[in-house]
Amino acid sequence: MSTTLLSALRETLGERGMITDPAEKAPYCVDWRKKYVGDTLAVCLPSSALEVAALVRQCAEFNTAIVPQGGNTGMSGAATPDSSGKQIVVSMKRLNRVRAVDTANYSITVEAGVILQTLQDEAAKHDRLFPLAIGSQGSCMIGGNLASNAGGTAVLRYGNARELCLGIEAVLPNGEIVNALQGLRKNNVGYSLRDLLIGSEGTLGIITAATMKLFPRPKAQVTAWIALESMDDAIALFQVAFAKLGAMLTAFELIHPLGLEMAERSDAVKSFPLPRDSANWFVLMEASDGESEAHATAAIEVMLGEEIEAGRILDVAVAGTMAQSQSMWAIREAISVAQSMVEGPHIKHDISVPISRFAEFHRVTFAALSERYSGIRVNCFGHIGDGNLHYNVFAPLASDQASFGNVESEAINRIVHDRVVEFGGSISAEHGIGQLRRDELAHYGDPASMQAMRAIKQALDPKGLFNPGKVI
Ligand code: FAD
Ligand code: MLT
Ligand code: ZN
């Protein structure tokens, strides 16, 4: 049977569109964190929406499951096939053309396999900004960003992937192509398939292209590294910054010294704008301005000066050059890589809680974790301006990190996620459900919403062939 499906797929995609060699398939079968390892019958690399539609129909004919894959940088194991070796990975790598740029409409239409950084560069060539910004932007793809509704560091000002998308083209599990690539900001014609597919993690269809919003390019960006006594102070500073800078405030990221220690140990970071042990918390703040560098710097310096005088800030370093700003951002981005690649397996949480309640949430949760596991470490960092923090739990220093993670992850998830729910939060803010949080969603999901999700899945994918084992 497999031979017949493979030969049908080869007929559709040609030699360049298929990978069956085990060594070449291997990188497509493991997730970025190397937590999930699967196998695949073949990796298909279609180069057009028509090829995607044809391969979807062929897989349906042979009852073969499909795992869509973009840059494979996801944090929830959502793009990894299972270990049966029977599923087909559909990589979007070759669907990577920029189809159109409409500068007057502030929109760009790209295929799903366009790398995020390429999209940003293409926008810049046209004197426009594409604002989605995440640490993996050099390898993640716009289709993957949409399928996981990625967030990142500029959500505060520009919104997440969903809010940046005007239209999509996608192949549904029945092989039909949805053509909804309009670059319209207003379009009320019934149910939004676009919004259904965004965040569906490859379980309802394959996005083949998207029309995304563009913005005017700011004239200036000012970055500041701020030392603070407490998370309460960080949240209070956010209130002031948001009120005084308004739409100029683009990023407001919280960083814990443990993350800085990890980044330093990883060798990616040699020095810090302020000594890394000089405060309990740091904030990396950025403001962008359509007027001028001088206007932006003055607004930030006045605001920060008042905060220092009021004693709410311990210290601050404002980047004087683009190079200094980039090195501040490099430290921020190094944290995520260091904790996975150098520190090893940890128990990941990607949570959101109303920002007004985050400090209390952290006090209660950290106390509960510490009571049960003395010396437990939490690298709590991320997008505090969006009410989204990565609450990553590491074993106490003396214990073995890997076995701690394996044995304790369920108990630790319960402590963290029970508190998240208690504080009116979400167990997945931006990384999605995938396979990592599938059981957590089953445990905490609102019953009516879960039932509706299952009904939608059944209606669109009655054979359950699209990314089985993920999300629901
Ligand atoms: P993949 O990992 O390949 O796939 C993700 C999901 O989308 C899977 O379910 C897959 O089946 C599905 N999929 C992929 N392409 C398609 C398609 N064309 N049609 C349908 N389904 C598809 N995420 C954030 O949100 N914010 C961050 O700040 C952030 N920082 C990160 C930093 C680092 C260093 C790394 C490694 C990751 C980070 N991530 C972050 C997670 C990840 O990069 C993003 O979720 C990204 O959007 C995934 O894109 P991808 O192309 O790699 O998708
Ligand atoms: C980030 O914001 O750097 C990633 O989304 C977080 C993570 O690696 O947990
Ligand atoms: Zn993040």
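The values are calculated or read from the model by the stated rules, or taken from the named source; none is laboratory data. Here the structure is a predicted model, which means the values were calculated and not measured. Because the Cβ atoms are built from the backbone with ideal geometry, glycine has one as well, and the counts that use them run over all protein chains shown. Just the protein is used for accessible areas: all its heavy atoms, side chains included, with ligands, DNA and RNA removed. Shrake-Rupley method; radii C 1.70, N 1.55, O 1.52, S 1.80 Å.
See the values below:
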item	result
Helix-only CD estimate at 222 nm, as mean residue ellipticity for the chain, using -39500 (n - 2.57) per DSSP H run (n ≥ 4)	-11500 deg cm²/dmol
Nearby lysines by direct alpha-carbon distance to Lys213 (threshold 16 angstrom, same-chain neighbours under 8 apart not counted)	Lys125, Lys186
Neighbour net charge for Ile235 - beta-carbon separation under 14 angstrom, K R +1, D E -1	-4
FRET efficiency for Ser399 and Gln239, using Cβ-Cβ distance with R0 set to 45 Å, rounded to 0.05	0.70
Reachable aspartates and glutamates from Lys219, criterion Cα separation under 18 angstrom, eight or more residues apart if same chain	Asp121, Glu122, Asp127, Glu286, Asp289, Glu291, Glu293, Glu301
Residue-normalised accessible area of the range 359-419, given per residue in Å² at a 1.4 Å probe	39 Å²
Accessible-area ranking of Trp32, Trp329, Trp225, largest first, probe 1.4 Å	Trp32, Trp329, Trp225
Aspartates and glutamates whose Cα lies under 14 Å from that of Lys470, excluding same-chain neighbours fewer than 8 positions away	Asp31, Asp82, Glu201, Asp439, Glu440, Asp461
Simple Cβ-charge dipole of the range 319-472, Lys/Arg +1 and Asp/Glu -1, about Cα centre, in debye nearest 20	240 debye
Spin-label proximity, Arg265 to the range 391-432 - amide N less than 20 Å from point 7 Å beyond Cα toward beta carbon	391-409
Rounded to 5, percent antiparallel among DSSP beta bridges of the range 1-122	50 percent
Stretchable slack from Ser449 to Ser84, in nm (0.36 nm times residue separation minus alpha-carbon distance)	128.4 nm
Cα-based helix-to-principal-axis angle, 293-309 vs the chain, degrees rounded to 10	60 degrees
Extension gain, Ala298 back to Gln326 (0.36 nm per residue minus Cα-Cα distance, nm)	8.1 nm
Most positive-pole-ward Cα, Val416, Asn379, Ile456, against dipole of the range 341-472 from beta carbon charges	Ile456
Computed magnitude of the charge dipole of the range 193-243 (debye, nearest 20; Cβ of K, R +1, Cβ of D, E -1)	500 debye
Positive-end extreme of charge dipole, the chain - chosen from Val342, Gly143, Gly445 (charges on Cβ)	Gly143
Label-to-label distance, nm, for residues given as Asp418 and Asn63 (7 Å Cα→Cβ offset)	4.2 nm
Residue-level accessible surface for Met341, protein heavy atoms, 1.4 Å, Å²	90 Å²
Sites Arg217 and Glu309 - FRET efficiency at Förster radius 51 Å, r taken between beta-carbons, to 0.05	0.90
Sites Ala459 and Arg185, calculated FRET efficiency, Cβ-Cβ separation with R0 25 Å, nearest 0.05	0.30
Computed magnitude of the charge dipole of the range 13-171 (debye, nearest 20; Cβ of K, R +1, Cβ of D, E -1)	240 debye
Which listed pairs, of Lys244/Lys270; Lys34/Lys93; Lys35/Lys93, have C-alpha distances above 29 Å, in listed order	Lys244/Lys270
14 Å reach of a label modelled at Ser278, 7 Å along Cα-to-Cβ, counting backbone N of the range 313-331	313-319
Nitroxide proxy distance, nm - points 7 Å out along Cα→Cβ at Val98 and His126	0.8 nm
Lys/Arg +1, Asp/Glu -1 at C-beta; the range 1-101 dipole; positive extreme among Leu9, Ser83, Asn72	Asn72
